Amino acid sequence: MKILLVLVALVLASPAVADEAPVQPWEVWKDPGVVAHVRSGPRTVLSSSVAPDGGRYDRHSEGDSRFVRVVDGEGVIFETQGPGAVTRIWMTQGDGISVDLDPKIRLRVRVDGADDPVIDLSLPEFFGGKIPPFLSPMVLDRRQSGGGNVSYIPLPFRRGCRVSLVNAEKAKIWFQVTAMLLDKPQGIVSFTGLEDLSRWRRMLSQPGTDPWFSGSRETVSGTVVLKPGKAQQLVAFDGPDQITAIVLRVPHRRLGEVIVQLSFDGRTTVDLPLPWFFGIGRPGCLPMQSLFVGMDQGEAYSYFPMPFHSSFALELELSSASAKGLKMDYAVRRMGSAPASDAVLFGARAIDVRASGSGRDAVLLDLVGPGRLAGLAVTAGSTSSAGWDFLEGDETLQVDGEDQPSWRGTGVEDFFGGGFYFRIDSVTPGIFRRALHGMTCIGGTSEQPSMSLYRLMPADGPVFYHSLHFSEEGGPTGEVPVRWRGVAWLYGSNE
């Protein structure tokens, strides 16, 4: 039992050396627990090539510019003043099928008002994974990421940042730049290109492997026999503390019979079928295998940080429809120390949206804050004969009731790290799994296809203080009915 052995071994691990500087909201490699922090100030924004009029073509092209502005011949695709960090850059090019990025186009990044860029590379060099510190899998090219080119290397700045493209004025190019903005620059060291990101690289290189580097203090493990129609408490802890691992070994054919219930401080914030909670997806699909959650070697695992102040409990319930009892193994680990003062409770929310009507966006989440979205895994598909057109829908995230959304995407597959319907070398989409995003299954028919998709957002998830409204357009112009089903992992929502 690979993961259980890792859990036991980690109890003996030496504690990590504490960093002197405060951990920033995107520095997951220093402390995975930072994902659970909802501190005052951070906000996440997205600058993209989305069609401003809601049209089909969410890309920059000659005569249809999506640049913020043009400065000295450079097309600016993101610009801000004040402190923060660019946390994700995504781009793609092609025509029906993704193609390699144009080597004539260069990416330039300037921080803190400097004239000289800290990054000046061709797009293939930036996403190619071979030039330090832009190394794979912190950056991925289209062949590694289902047609998309993605960077998860944080680019922090104290006084501002500008991201621009050179020689792209006549190019067809789709882009997204995500940034987390702060009120104060305390503890931020602006990007130089000399950063040691070896720990972040190691975390992203081994999805399914325990990402917690410091030794936790207690692991409770055992074997239980569940009876049909009955819930059984496996583990209960007093707080304050933080859960850092939950691992369950269940026969694969019976995964769907088990309900997972997690309670923190007397409040049940997870009550979901086991395949939903762990993002495993439909029977017969390749299971999700990501940084914080998924299935590896027959074991469902969660390494999400789960802080609590007074109590924690894990209960499992076997469906009353089950013909017989179920024997299974489990392990739960806690940190053995109180969480940070700004850490909030973990939860998971079912996404179950029946096909929306013509011209109406599908509302995946409508949350009351404060909170932070940590990721989602969904199966989406058209219920009409629109084929793959459902992937043309753009996501919109409205934070704290804002009139103008601070996040408008460019397509479903783009949000999940791919491009051109996840097509790399042919018209057939390619299945892939990466630490923070992937596409694990293709279903349905040629006229009504569906896909299983996931994305974790430990460094780029939106932070909200009053509300978060997450909706998806139905196809390129909102006319395609789309069915959505899955789970969202989040922190702190009061709903």
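Odds and ends about this structure:
- Helix axis angle, 2-11 relative to the chain longest principal axis, alpha carbon, degrees: 80 degrees
- Taking other residues whose beta carbon is less than 13 angstrom from the beta carbon of ILE119, and scoring Lys, Arg as +1 and Asp, Glu as -1, yields -1.
- Cα gyration tensor shape of region 240-316, rounded if a/c is under 1.5, else prolate or oblate by comparing a/b with b/c: prolate
- Applying 1/(1 + (r/R0)^6) with r as the Cβ-Cβ distance of ASP120 and ASP329 and R0 = 60 angstrom yields a FRET efficiency of 0.70.
- A dipole drawn for the chain from +1 and -1 charges on Cβ atoms has a positive end, and of GLY371, PRO137, CYS285 the residue lying farthest that way is CYS285.
- Efficiency of FRET from Cβ geometry, THR428 and ASP271, R₀ 45 Å, rounded to 0.05: 0.75
- Test item: Cα-centred dipole of region 41-205, Lys/Arg +1 and Asp/Glu -1 on Cβ, debye: 500 debye
- Ranked packing of 378-386, 261-269, most packed first, by mean Cβ within 10 Å: 378-386, 261-269
- Cα point-scatterer Debye curve for region 149-301, base-10 log of I(q)/I(0) at q = 0.10, 0.11 Å⁻¹: -0.60, -0.70
- Measuring from each cysteine beta-carbon in the chain, the ones with no other cysteine beta-carbon under 4.7 angstrom are CYS161.
- Ordered by the count of other Cβ atoms within 10 Å of each Cβ, fewest first, ILE173, ILE97 give ILE97, ILE173.
- Rounded if a/c under 1.5, otherwise prolate or oblate - region 41-205, Cα gyration tensor axes: oblate
- The chain - Rg and Dmax from Cα coordinates, angstrom: 22.0, 71
- Furthest towards positive pole of dipole, ILE243, VAL150, HIS469, structure part the chain, Cβ charges: ILE243
- On the basis of the beta-carbon distance and an R0 of 41 Å, LYS104 and THR477 show a calculated FRET efficiency of 0.80.
- All other residues whose Cβ lies under 12 angstrom from that of LEU326 are scored, Lys and Arg at +1 and Asp and Glu at -1, for a net of +4.
- Between the amide H of VAL139 and those of TYR152, distances stay under 5 Å, these residues lying 5 or more places away or on another chain, with hydrogens modeled in the peptide plane.
- Extension gain, ALA313 to GLN186, is 42.1 nm, computed as 0.36 nm per intervening residue step minus the present C-alpha separation.
- Counting only residues at least eight positions apart within a chain, or on another chain, the lysines with an alpha carbon under 23 Å from that of LYS30 are LYS184.
- Lysines with Cα under 20 Å of LYS130, excluding same-chain neighbours fewer than 8 positions away: LYS104
- Two-decimal log10 I(q)/I(0) for region 346-491, as the Debye equation yields it once each C-alpha is a single scatterer, q = 0.14, 0.21 Å⁻¹: -0.62, -1.39
- In plain terms, the C-alpha convex hull of region 410-449 casts an average shadow of 3.1 nm² when viewed from every direction.
- For VAL250, distant residues with modelled amide H under 5 Å away: ALA300
- Spatially proximal lysines relative to LYS227 (Cα-Cα < 18 Å; intrachain offsets below 8 disregarded): LYS324, LYS327
- Ordering of 410-417, 470-477 by packing [mean C-beta count within 10 Å, highest first]: 410-417, 470-477
- Total charge dipole magnitude, region 346-491, about the Cα centre, Cβ charges on Lys, Arg, Asp, Glu only, Debye to nearest 20: 600 debye
- Reported value for region 78-152: 99 Å³ per residue, from the convex hull of its C-alpha atoms.
- Net charge of neighbours whose Cβ lies under 15 Å from the Cβ of ARG110, counting Lys and Arg as +1 and Asp and Glu as -1: -1
Just so you know, all these numbers are worked out from the coordinates, no wet-lab data involved. Because the structure is predicted, anything quoted here is derived from the model rather than measured. In this analysis, Cβ positions are derived from the backbone assuming ideal geometry, glycine residues included, and neighbour counts consider all displayed protein chains.
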